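Encoded as structure tokens, the structure appears first; notes follow it.
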Amino acid sequence: MQDVLTFTTPFGTFANRRLVFGLKTAASILQALVDLLIDELKLSGTTGIYAYQDDIVVGPHSFQEMHNKIRFLLDILIKYNLTLSPEKCVFFKSTIDYLGFNNSPNKIQPIPSNILKITSFQPPRTVKQVRHFLGLCGFYRSLIPGFAELTECLTQLTRKNVPFQWTPTHQDAFKNLLDVFFNKPFVRLPDWDKPFVLNTDASGQAISGILLQEHEGKLHPISYYSKTLSNSERNYPAIKLELFARYKSVHAFKTYLYNTNFKILTDSKPLLHYKKIASPTDIVSRWLLYLSEFQFTCEHIPGKENTLADFLSRFPVNRTEISNTPQDEQELILPVVETHCNTINATSDTSLEISASTWLKEQADDTQTNEIIQLLKIHLLRIQIIFVVFTMTLQHTF
């Protein structure tokens, strides 16, 4: 950037030695440098160090591991001529506030100052204030079960050509969302040595997914996902909505689930045989193609036992039920799912798998696919001819 920021004065030409404040690309340049440091540490075998801009977090499992990681981190900073501000550094803490979240060994929750801002928010009087409130709460939507369902009527007020009218329904939704923050929502930290469980469900208004892990015989939430359905999506049939919920949930948690074996729990029994869908539409084909990149098994939960995802996608949180929730840190704001529920393994039937020969046969019988293949071959042949002519021309020139 020095050549771009060089400036000329009557006393000569000068350039900045350090990255200056105020540049539009300054943040991305700094983040690229920090990512370079972290990648170099990973290549040397040092993991568990994360950074966003100038905030670096070191996550060890023991005192000795912390000492070693700090030494490696300081070595790499010295190598690149970077310095730390001692008054801004803290060491050997069991709980830290990072990027708006309070991180402790067993859970993640909003920092107290942000909870105070949200719970002190007055009922909105304009569309701009509604958007401000939803944006503030939406930052923590991964900690809030059924966020899309809770905020659906409030979201409607922010859309075009919708007059702003604050009704008792909106006031109830506003209070229900505040109640969630009064009870300090939290989730557990993931254990990378344990398999993940994904619980999905869909209703006529929203879809939801919950990433879970087993701890002490029960499934505990790691993160929540929810999405309000658009007008066109609400016209989907039930089985398509369930598949849509599975697709969006897997996509939302791909950083956790990719290259791992996990389990999907659903109360839709027909969806156990999703690989056997005959003549899927284009959009369903894209969903199935994306899901094929992941390794998972499907298990059925009866609707009465699907107390998490079904609850989130269908019913808003009741104010009195939340206010009576125990405040103990080990208590969840929703009941956990017992792991001994009766399930049916969908992968036990190998006849449902689609073989490569079946794909090739179906492709050969598809006239539209064959037309596309022929066009690609023609274009490829043209490119090869152009390349040969170009090569001969170069040889003739030299």
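The values are calculated or read from the model by the stated rules, or taken from the named source; none is laboratory data. Note that the coordinates shown come from a computational prediction; the quantities given were computed from them, not determined experimentally. Cβ sites come from the backbone with ideal geometry, for glycine too, and all protein chains shown count toward neighbours. Calculation scope for accessible area: heavy atoms of the full protein, side chains included, ligands and nucleic acids excluded. Shrake-Rupley method; radii C 1.70, N 1.55, O 1.52, S 1.80 Å.
Taking into account only those residues within the range 184-206 that are open to solvent by 30 Å² or more (accessible area, probe 1.4 Å) and under 16 Å from S142 (Cα atoms), which is farthest from the chain's Cα centre (by Cα)?
Within the range 184-206, the subset open to solvent by 30 Å² or more (accessible area, probe 1.4 Å) is 184, 188-195, 204-205.
Okay, now just the ones that are also under 16 Å from S142 (Cα atoms), so 184, 188-190.
On the way: K184: 21, R188: 15, L189: 14, P190: 14 Å.
Out of the qualifying residues, it is K184.
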With the first residue restricted to the range 55-79 and required to be under 18 Å from S94 (Cβ atoms), and the second required to be among the aromatic types (F, W, Y) and open to solvent by 80 Å² or more (accessible area, probe 1.4 Å), Cβ contacts under 8 Å at 6 or more apart or on different chains are I56/Y50; V57/Y50; G59/Y50; F63/F92; M66/F91; M66/F92; I70/F91
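For the range 129-143: of the residues being in contact with a strand residue (DSSP E or B) (Cβ under 8 Å, 6 or more places away or on another chain) and not in a loop (DSSP other than H, G, I, E, B), which is most open to solvent (accessible area, probe 1.4 Å)?
Looking only at the range 129-143, we keep the residues that are in contact with a strand residue (DSSP E or B) (Cβ under 8 Å, 6 or more places away or on another chain), and these are 140-143.
The next check asks that each one be not in a loop (DSSP other than H, G, I, E, B); those that pass are 141-143.
On the way: R141: 93, S142: 40, L143: 4 Å².
This residue is R141.
Residue check: is I222 touching a Cys at 6+ places or on another chain (Cβ under 6 Å), buried (at least 19 other Cβ atoms within 10 Å of the Cβ) and at pLDDT 85 or above?
Working: touching a Cys at 6+ places or on another chain (Cβ under 6 Å): no; buried (at least 19 other Cβ atoms within 10 Å of the Cβ): yes; at pLDDT 85 or above: yes.
No, not satisfied.
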The residue that is surrounded by the most Cβ atoms within 10 Å (Cβ to Cβ), considering only those in the range 5-53 that are out of contact with any strand residue (DSSP E or B) (no Cβ under 8 Å at 6 or more places or on another chain) and at positive phi, is Q53
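One line per residue, one yes/no per condition, for (1) out of contact with any Phe, Trp or Tyr (no Cβ under 6 Å at 6 or more places or on another chain); (2) among the hydroxyl-bearing types (S, T, Y); (3) within 22 Å of N103 (Cα to Cα):
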residue	(1), (2), (3)
F11	yes, no, no
F21	yes, no, no
L33	yes, no, no
D39	yes, no, no
I49	yes, no, yes
S62	yes, yes, yes
Expected output for the range 1-17 (first residue closer than 14 Å to I29 by Cβ, partner open to solvent by 90 Å² or more (accessible area, probe 1.4 Å) and not in a strand (DSSP E or B), Cβ below 7 Å, 6+ apart or cross-chain) is N16/Q2
T126: passes all of (1) in contact (Cβ under 8 Å) with a residue 24 or more places away in the chain; (2) of a type in the set (V, I, T); (3) open to solvent by 30 Å² or more (accessible area, probe 1.4 Å); (4) assigned by the TED database to the domain that holds G59 but (4)
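Matching residues to (1) in the same structural domain as K107 (by the TED database); (2) exposed (fewer than 15 other Cβ atoms within 10 Å of the Cβ); (3) part of a helix (DSSP H, G or I):
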| site | (1), (2), (3) |
| --- | --- |
| C153 | yes, no, yes |
| Q156 | yes, yes, yes |
| K160 | yes, yes, no |
| P163 | yes, yes, no |
| T169 | yes, yes, yes |
| A173 | yes, no, yes |
| N176 | yes, no, yes |
| D179 | yes, no, yes |
Residues of the range 32-81 being over 24 Å from the mean Cα position of the chain (by Cα) and among the aliphatic types (A, V, I, L, M), in sequence order, are L33, L37, L41, L43, M66, I70, L73, L74, I76, L77, I78
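Here's the yes/no breakdown for (1) out of contact with any Gly (no Cβ under 8 Å at 6 or more places or on another chain); (2) modelled with pLDDT of 85 or more; (3) surrounded by fewer than 18 Cβ atoms within 10 Å (Cβ to Cβ):
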| site | (1), (2), (3) |
| --- | --- |
| L272 | yes, no, no |
| K275 | yes, no, yes |
| S279 | yes, no, yes |
| I283 | yes, yes, yes |
| R286 | yes, yes, yes |
| H300 | yes, no, no |
| G303 | yes, no, yes |
| A309 | no, no, no |
Scanning the range 79-95 for residues that are of a type outside the set (S, T, Y) and open to solvent by 50 Å² or more (accessible area, probe 1.4 Å) gives K79, N81, L82, L84, P86, E87, K88, V90, F91, F92, K93
